[in-house]
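Notes follow the structure.
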Amino acid sequence: MRTIGVGLIGTGYMGKCHALAWTGVHAVFDDTPIVRRAMLCEVEENLARRRADEFGFEASTDDWRALVADPGVEVVSITTPNALHAQMAIAALEAGKHVWCEKPMAPSLEESERMAAAARASGRVAILGYNYIQSPAVRFIGKLLKSGAIGRLTHFRIEMDEDYMADAEAPFSWRSQASSGYGALDDFAVHPLSLITTLIGAPNEVFGEMSKPYPDRPDGGGRRKVETSDIATALLRMADGASGTIQVNRCAWGRKGRLQLQLFGARGAIVFDQERFNEVQVYVAEGPPEAQGFRQVLMGPAHPPYERFIAAPGHQMGFNDLKVIEAHELLNRILGRPSLTIDFDAGLAIERTIHAIARSSREGRWVTVSES
Ligand SMILES: NC(=O)c1ccc[n+]([C@@H]2O[C@H](COP(=O)([O-])OP(=O)(O)OC[C@H]3O[C@@H](n4cnc5c(N)ncnc54)[C@H](O)[C@@H]3O)[C@@H](O)[C@H]2O)c1
């Protein structure tokens with residue numbers, strides 16, 4: 001395969017990240033087909049044309065079904081609001097396209113199940129936009145855990161906080177509509193769960209709590225009732241006896257992109273924060289007690305695939321680089337190579353956990369993930 005044609009639906013915040021990833025992936029990883037940015041779709045024709053010019057796409061449309069049907073499009077990036085993922089992903093898979101869909105899968109479990117079934121039936125590759133698992137730091141943490149560097153994992157805490165909805169006067173958007181899902185659970189908690197899935201395993205039982213800091217938000221000239229919960233907490237019990245917590249808040253003033261991971265083992269600990277994602281803190285309980293302490297490891301060429309971006313250590317990677325790596329992993333999977341990706345089946349397991357947490361919050365009891 002010398003070239004591969006991609007289509008992009010949605011050109012907002014994540015749409016631009018996908019466009020940059022498709023633009024950069026071949027330059028960064030020279031082992032991929034040349035990516036042809038074939039077609040882009042937006043809600044309105046002029047906007048679609050403007051974005052196609054900006055992002056370097058050959059054609060544009062305001063009809064996502066036309067994009068999905070286009071023979072020049074082999075992979076479809078879906079970066080639209082959550083409520084649209086299921087219909088777009090299923091149509092793309094049925095048209096024989098590979099799919100790169102932003103997280104979460106879909107607001108309802110039934111839609112997520114249909115997406116996973118469509119992926120299985122199509123024989124195409126379908127993955128979700130769980131970019132944080134692609135970080136060199138997270139890969140390094142996985143290696144440390146596997147090598148037993150901190151012993152058996154006993155407990156983990158993951159917090160994801162941002163303040164983009166902290167202002168009570170921030171305008172109402174699709175993120176406050178029930179059609180987008182539960183709120184912070186679908187928007188944020190899925191990311192910690194992607195890390196748990198990749199690094200630790202699957203939770204058995206959960207206990208959840210969700211809350212809504214502001215009852216309404218400005219909308220047009222008036223105010224509109226907020227239908228989602230912007231804060232959520234979950235206790236998790238893992239199959240092997242380890243326990244953990246997830247706390248997420250999209251109204252956390254001062255936190256800009258905090259995704260903090262604390263992993264405690266029988267012989268040490270690992271701490272990582274996405275806000276400083278070129279650094280990993282490692283504590284190993286060995287040697288004289290007076291010399292023990294956290295060691296900071298700075299990501300560099302020894303932490304793949306950092307070296308693909310820049311040969312020099314200490315120069316740091318950024319968020320969009322994670323999307324380039326994710327695009328590469330998707331292409332690897334399409335080419336039948338080993339690939340680190342969360343496909344629709346693995347994504348469905350994350351969705352089941354999300355729905356179990358929400359159910360627990362409603363019913364005030366521990367919920368087994370397999371119940372949902
Ligand atoms: N992986 C991550 O870290 C991450 C971060 C942010 C958002 N997301 C996910 O990405 C998705 C999009 O979020 P966003 O922040 O980019 O939203 P956004 O509102 O900035 O962008 C959505 C875009 O989709 C377009 N759109 C809506 N309906 C459309 C249609 N029918 N056809 C074509 N285009 C359409 C909108 O016009 C808009 O440009 C969400 O599912 C969100 O959860 C993922």
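Heads up, I need the accessible area for ARG37: 1.4 angstrom probe, whole protein in place, Å², nearest 10.
Accessible area of ARG37: about 60 Å².
Based on the alpha-carbon gyration tensor of segment 210-334 and its eigenvalue square roots a ≥ b ≥ c, which shape applies: rounded if a/c is under 1.5, prolate if not and a/b is larger than b/c, or oblate?
It comes out oblate by the Cα gyration axes.
From Cα pairs below 8 angstrom and at least 6 apart in sequence, can you work out the relative contact order of the chain, rounded to a whole percent?
Computed value for the chain: 19 percent relative contact order.
Which of the residue pairs LYS225/LYS256; LYS143/LYS212; LYS225/LYS323; LYS103/LYS256; LYS97/LYS146 have a Cα-Cα distance greater than 31 Å in the structure shown?
LYS143/LYS212; LYS225/LYS323; LYS97/LYS146
Give the residue from PHE55, MET160, GLY241 lying farthest towards the positive end of the charge dipole for the chain; charges sit on Cβ (+1 for Lys and Arg, -1 for Asp and Glu) and the dipole is referred to the Cα centre.
It is GLY241.
Can you grab the distance from the C-alpha centre of segment 55-69 to the C-alpha centre of segment 171-214, Å, no decimals?
Segment 55-69 and segment 171-214 have Cα centres separated by 31 Å.
Hey, rough spin-label estimate for TRP253 and GLU363, points 7 angstrom out along Cα→Cβ, what's it come to in nanometres?
Each label point lies 7 Å from its Cα, and together they span 3.8 nm.
Could you check how much of the accessible area of the chain is carbon and sulfur, as a whole percent, using a 1.4 Å probe?
That fraction is 51 percent.
For segment 134-155 and segment 283-329, what is the separation of their C-alpha centers, rounded to whole Å?
12
Could you tell me the accessible area of GLU227 in Å² (1.4 Å probe, neighbours in place), rounded to the nearest ten?
90
For segment 6-47, take the alpha-carbon Rg, divide it by the Kirkwood Rh, and send me Rg/Rh.
Computed over Cα atoms, the ratio is 1.03.
Starting from the Cα coordinates of the chain, work out the convex hull volume and express it per residue in Å³.
With only Cα atoms used, the chain gives 147 Å³ per residue.
Just the C-alpha atoms of segment 146-305: what Rg/Rh do they give, with Rh taken as the Kirkwood radius?
In segment 146-305, Rg relative to Rh is 1.06.
Given a 1.4 angstrom probe, what's the average accessible area per residue across the chain, in square angstrom?
Each residue of the chain exposes 41 Å² on average to a 1.4 Å probe.
Quick one: work out Rg over Rh on the C-alpha atoms of segment 272-372, Rh as Kirkwood radius.
Rounded to two decimals, Rg over Rh is 1.12.
Residues with beta-carbon under 15 Å from that of VAL297, excluding VAL297: net charge, scoring Lys, Arg +1 and Asp, Glu -1?
+2
Projecting each Cα onto the charge dipole of the chain (Lys/Arg +1, Asp/Glu -1 at the beta carbon, about the Cα centre), which of HIS98, ASN278, PRO213 comes out farthest on the positive side?
Of HIS98, ASN278, PRO213, it is ASN278.
Amide H to amide H, which residues 5 or more places from ARG36 or on other chains are under 5 Å from it, using H placed in the peptide plane?
ILE4, GLY5, VAL6
How would segment 33-119 be classified by its alpha-carbon gyration tensor: rounded, prolate or oblate, with rounded meaning a/c under 1.5 and the a/b versus b/c comparison settling the rest?
Note, shape of segment 33-119 comes out prolate.
The values are calculated or read from the model by the stated rules, or taken from the named source; none is laboratory data. Owing to the predicted nature of the structure, the values given are computational and were not obtained by experimental measurement. When we count neighbours, we look across all protein chains shown, and the Cβ atoms used for this are built from the backbone with ideal geometry, even at glycine. Only protein heavy atoms, including side chains, enter the accessible area calculation; ligands, DNA and RNA are left aside. Shrake-Rupley method; radii C 1.70, N 1.55, O 1.52, S 1.80 Å.
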